[in-house]
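The next block holds one structure in the form of structure tokens; read it before the comments.
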Amino acid sequence: MEEVRIGVYICHCGSNIAGTVDVAQVSQYAGTLDSVVIARDYKFMCSEPGQEMIGRDIKELGLNRVIVASCSPHMHEPTFRRVCEEAGLNRYSFQMANIREHCSWVTEDHEKATEKAQALVQAAVRRVFYHEPLEIREVPVNSNTLIVGGGIAGIQAALEIADSYHKVYLVEREPSIGGHMIQLDKTFPTLDCSACILTPKMSQVGSHPYIELLSYSEVEEVSGYVGSFKAKIRKKARYVDEEKCTGCGLCQEKCPWKVTSEFDMGLGQRKVIYTPFPQAVPNVPVIDRQNCAYFQKGKCRACEKFCEAGAIDFEQEDKLVEVEVGNIIVATGFQTFDPSIATQYGYGKFDNVITGLQFERLCNATGPTGGNIQLKDGSIPRSVALVHCIGSRDENYHDYCSRVCCMYALKHSHLIKEKTNSMVYQIFTDIRCFGKDYEDFYQRLVKEGVNFVRGKVQQVTSANGKEADQGRLIITAEDPDNSKVTQVPADMVVLCAAIESQQDANEVAHILSISRKADGFFLERHPKLDPVATMTEGIYVVGCCQGPKDIPDTVSQASAAAARVLALISKGKVEIEAATSIIDEEKCSGCRICEFLCPYGAISFIEDKEVCRVNEALCKGCGTCAAACPSGAITSKHFTTEQIMAEIEGVLV
Amino acid sequence: MNLELTQQIRDQARGLLKSGTVKGVIGYERASDGLTARPFFAYELTGTDQLIFDETCSHNLVKYLLDKKGEKMAVVVKPCDSLAINLLLNEEQIKREMVFIIGVSCTGVVETAWNQKSQTLQARCQTCRLPKPVVYDFLAEQEPIRRLEGELYPDILEMEAKPIASRREFWHEQFGRCIRCYACRQICPGCYCPECFAEQLSPLWVGIRIALGENELWQTNRTLHLAGRCTGCNECERACPMDIPLSLLNRKLEKEMEELFSFRAGLTSEEQPPFATFRKEEKLGFEE
């Protein structure tokens, strides 16, 4: 075996480490340890001169192991591994000791911090002694992409990728793509008609030669890894043949059965065979089996009789489609907070207390009132109150700010002013207009004569105190600064309900092996520097499933994810984990515990030898198998027993 | 000798050998002390007359199946032994089609020693809740079928109630006597690793020295490797030449598995033991 020559580099991290840890002492101590050839400390190891110092030492002193004692490996392990590689070492010759998060940041005791830093350095020195070079392997990237969710986020990402001549499978669980954006009336602050700017994109998706749209479908299972995922998608039965249907709409006209429209947020009605809205893509209706007279009672089939194309197919069944893709973009969107849970707001009790999204439909020309802002009884409201932060910034529901409510409340105010002579009250705790041109919009609304009332709403009551009264409402609000209570009279109350993570976000997270934050939204790799990727390589999160955001932010994030996917496609190959597991077949008893535990399906059983074997292309090196193997037959490379034992000894000695 | 059961076993064995269904039958015969029983392998028709069954048939014969993987064997199993069959099926160590199971509806076995037979049932039989095997191809039955109710773990509860220092003292005394002959491992149907951790040299998990520290490490590891897998046949304790009360360890874990996961090893061959499964929805207790 060649002589082990270790270089140890202690980082000051400005004063982050050096402020607590005596770096000179740690460096001096490291110099006394076995096999350590050189130990230095430096202000910022990750800086250009710091990196050059390591590279120079590797060459001039013949180092074959490198330790940097600095921050968490999360950020800079790749940096220093690259430095090692550029100087001709295998990247696995490197070891990082975390003396910042694990040491200097968690104590103010200089002496103990220094002592711990020394122990961590010693552990790294002992461990790195046993490091072995590992072979870096690459696998090709499948150029197809799966996008889950056909709202604006999914649509944008799909178009960007497909326009580069790469195939996209766009999966949408509703009958049409469009998401929440297609429900909106106008968009802030420019007051563009939401449908007018979105429908061209939707129809592009519908006819794009590189996009395969799987509407009314859900992803059921995802396996594989970056570059080659396999996804099982359930295409739910529409009971309408997509090939034959011409989208003439006659079936919808003739269907005698009406139910509440989800698209109109319960304000309007739709037929049982329906497209959710006129510009639906694909323009193919679905039969709502739960409410269809034929499915429930065995009679009717009116749609079938009138369909000239013969497209109605009551025998249709769900279909499972399997696709192979290299990358997956998750754009599953959000749901809005149900304000009926918070009974003080009177939602569900008073007819004229509605949500912001219901107001969008009320205001929209294709909506249930043809765009007239009116009360339940058809009369025009004399005063409308918009209540902010319903379920957001509220410790009882969601701590976070939903980010869009202030702006859409302003937009709603403008529309009310434009369409009626109504008084408009904004009842807010803070107005947050952070985006480009948003402040101008706010100033404009101030000039338009909207009344801004600062206060947290305590309750919404009927003006005459009677529960059942559907007339005038009184909003009682308390100013958080001086506890002054204000009462605002209104005919209509619009609740700006929070954006929250989808009800089934947890299942989606499981299917895709991605994480969620405590607030329910999907977790990005890094909140600032990588808000698009997830901890699972090849899977990206965009739009409101990652956190509340407005349309411009969603579009930017979707484009960013598309760029990431295209980068990987154009590179054509991806490095896969080298620190995989191996099974010693001599020791394996073939109990197959590892096979069942492996979260990546990387282990298979060799029948004739009655032992298990690891598929290194699938193995992510998580180590679950090595920990579970009762015979101790499995070794995780780069986490061998020898290495771990040496590291533990190093900390303890 | 229980004539009723013995006759049923002999008839079945004869039929199986005659038809060539199995290569041999693993059962019990009378030991040379003329009083107790010992394992017996019948490969010839004539051998079947030596097969017996009675209250001295303590051995768990399932262990022998691990050495007979290539040929189809019949094996005589008591209800408690049958749990080990499911364990080995679940862990892919035996194939169902390679075993013919002659189940026996047992009424309990007694403590035996050479040329000695006690009148009282073994402690584990006193709390046994299995009237008949959980898996079998043929069942040798007798009336009445016995099923016991009552406290399953009186000794464990008593042990748990003791202060930690006195428990440590107790076990140090016990482990201090262990000679690491590994008889407990050799007889255990759940111990089948080709190379036991106790004999691995790189890394050396357990020192070779026979001393309290090493002995303790061996015994605790052996017990933990059987967590959720021990089927309670108690052969280890019977085989121990130093009379170490291993059932106290094994059944403590059995109790924990029951309380934590409502799991008892060997009841089915399908359900994975809790420690061999990973469910994402499982709460581990350290989440935020």
#### Entry: Only Lys, Arg (+1) and Asp, Glu (-1) charged, at Cβ; the range A:6-129 dipole about Cα centre in debye
340
### Task
Kindly express, to the nearest 10 degrees and within the range 0 to 90, the angle between helix B:246-261's C-alpha long axis and the longest C-alpha principal axis of chain B.
80
### Mean projection area, nm², convex hull over Cα of the range A:335-500
9.5
### Message
Explain nothing, just the number: relative contact order of chain B, from Cα pairs under 8 Å at least 6 residues apart, as a whole percent.
### Response
16
### Query
Listing A:LYS620, A:LYS305 from the residue with the fewest other Cβ atoms within 10 Å to the one with the most, what is the order?
A:LYS305, A:LYS620
#### Entry: Mean Cβ neighbour count within 10 Å, used as a protection proxy, ranking B:8-21, A:400-413 highest first
A:400-413, B:8-21
### Query
Got a sec? How would A:THR640, A:THR32, A:THR366 order by Cβ neighbour count within 10 Å, fewest to most?
A:THR32, A:THR366, A:THR640
### Summary
Expected sort for B:VAL134, B:VAL62, A:VAL141 with the fewest Cβ neighbours (10 Å cutoff) up front is B:VAL134, A:VAL141, B:VAL62
### Length added when fully stretched, A:GLU212-A:GLU586, from 0.36 nm per residue minus Cα-Cα
129.8 nm
### Message
Per q in 0.21, 0.28 Å⁻¹, report the Debye log10 I(q)/I(0) for the range A:42-82, using one uniform scatterer on each alpha carbon and no solvent.
### Response
-0.65, -1.09
### Task
Identify, among A:LEU523, A:GLN503, A:VAL485, the residue whose Cα sits farthest towards the positive end of the charge dipole of the range A:464-531, taking +1 on the Cβ of Lys and Arg and -1 on the Cβ of Asp and Glu, with the dipole about the Cα centre.
A:LEU523
### For chain B, convex hull of alpha carbons as volume per residue, Å³
166
### Query
Can you work out the FRET efficiency for the pair B:LEU66 and A:LYS254, with r the C-beta to C-beta distance and R0 = 60 Å, to the nearest 0.05?
0.25
### Task
Let me know the charge dipole size of chain A about its Cα centre in debye, to the nearest 20, where only the beta-carbon of Lys, Arg (+1) and Asp, Glu (-1) is charged.
1840
### Paramagnetic reach from A:GLU85 in the range A:125-158 [backbone N under 15 Å; point 7 Å along Cα→Cβ]
A:133-139
### Task
May I ask for the angle, rounded to the nearest 10°, between helix A:438-447 and the longest principal axis of chain A, with both axes built from Cα atoms and the value confined to 0 to 90°?
30
## Note on the structure
Taking a ≥ b ≥ c as the square roots of the eigenvalues of the Cα gyration tensor, with a/c under 1.5 meaning rounded and otherwise prolate when a/b exceeds b/c and oblate if not, the range B:60-207 is oblate
### Message
Based on alpha-carbon centroids, what's the gap between the range A:413-457 and the range B:70-104 in Å, whole number please?
### Response
77
### Task
Assuming R0 = 30 Å, can you tell me the calculated FRET efficiency for the pair A:TYR165 and A:GLU220, based on Cβ-Cβ distance, to the nearest 0.05?
0.55
### Query
Using all Cα-Cα distances in the protein assembly as shown, what percent lands in each 10 angstrom bin from 0 up to the longest?
2, 9, 14, 15, 16, 15, 14, 10, 4, 1, 0, 0
### Task
Largest first and in whole Å, give the semi-axes of the range B:3-140's equivalent ellipsoid, each being the square root of 5 times a Cα gyration tensor eigenvalue.
23, 18, 13
### Query
Peptide B:189-199: average number of partner chain Cβ atoms within 10 Å per residue?
4
### Query
Of B:ASN115, B:ASN86, B:ASN250, which is the most mobile in a GNM of chain B whose springs link Cα atoms less than 10 angstrom apart?
B:ASN115
### Residues with amide H under 5 Å from that of A:ILE10, placed H, sequence gap 5 or more
A:ARG40, A:ASP41, A:TYR42, A:ALA69
### Summary
Rounded to the nearest whole number, the Stokes-Einstein translational diffusion coefficient of the range B:154-274 at 25 °C and 0.890 mPa s (Kirkwood radius, C-alpha pairs) in µm²/s is 160
### Query
Could you give the distance between the Cα centres of the range B:163-226 and the range A:144-204, to the whole Å?
63
### Message
Suppose R0 equals 60 Å. What FRET efficiency, 1/(1 + (r/R0)^6) with r the Cβ-Cβ distance, do B:GLN119 and A:ILE606 give to the nearest 0.05?
### Response
0.70
### Diffusion constant of the range A:581-636 at 25 °C, which comes from Stokes-Einstein with the Kirkwood Cα-pair radius and 0.890 mPa s, µm²/s
229
### Message
Quick check: Cα centre of the range A:605-620 to Cα centre of the range A:511-575, how many Å?
### Response
32
### Query
Which one of A:ILE648, A:SER631, A:CYS619 has its Cα pushed farthest toward the positive end of the charge dipole of the range A:607-653, where Lys and Arg give +1 and Asp and Glu give -1 at the Cβ?
A:CYS619
### Query
A:PHE306 to A:SER379: extension gain in nm, 0.36 nm per residue of separation minus the Cα-Cα distance?
22.5 nm
### Task
Considering Cα pairs under 8 angstrom that are at least six residues apart, work out the relative contact order of chain A and quote it in whole percent.
13
### Query
Which whole-number percent gives the relative contact order of the range A:121-200, counting Cα pairs below 8 Å spaced six or more residues apart?
23
### Task
Amide H neighbours of B:ASP54 under 5 Å, at least 5 residues apart or on other chains, H built in the peptide plane: list them.
B:ASN2
### Task
May I ask you to evaluate 6.51 cos²θ - 1.76 cosθ + 1.60, the Karplus curve with θ = phi - 60°, for each residue of the range A:171-187 and list the ³J(HN,Hα) values in order in whole Hz, giving x for glycine and proline?
9, 10, 7, 7, x, 10, 6, x, x, 6, 4, 6, 7, 6, 8, 10, 10
### Task
Using only Cα atoms, find the angle between the long axis of helix A:48-61 and the longest principal axis of chain A, and express it within 0 to 90 degrees, rounded to the nearest 10.
30
#### Entry: Dipole of chain A [Lys/Arg +1, Asp/Glu -1 at C-beta], most positive-end residue of A:ILE38, A:GLY547, A:GLN204
A:GLN204
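Throughout, read-outs are computed from the coordinates displayed, never taken from laboratory work. In this text, all values refer to a predicted model and were calculated from it rather than measured experimentally. Using ideal geometry, Cβ is built from the backbone for each residue, glycine included, and neighbour counts are taken over all protein chains shown.
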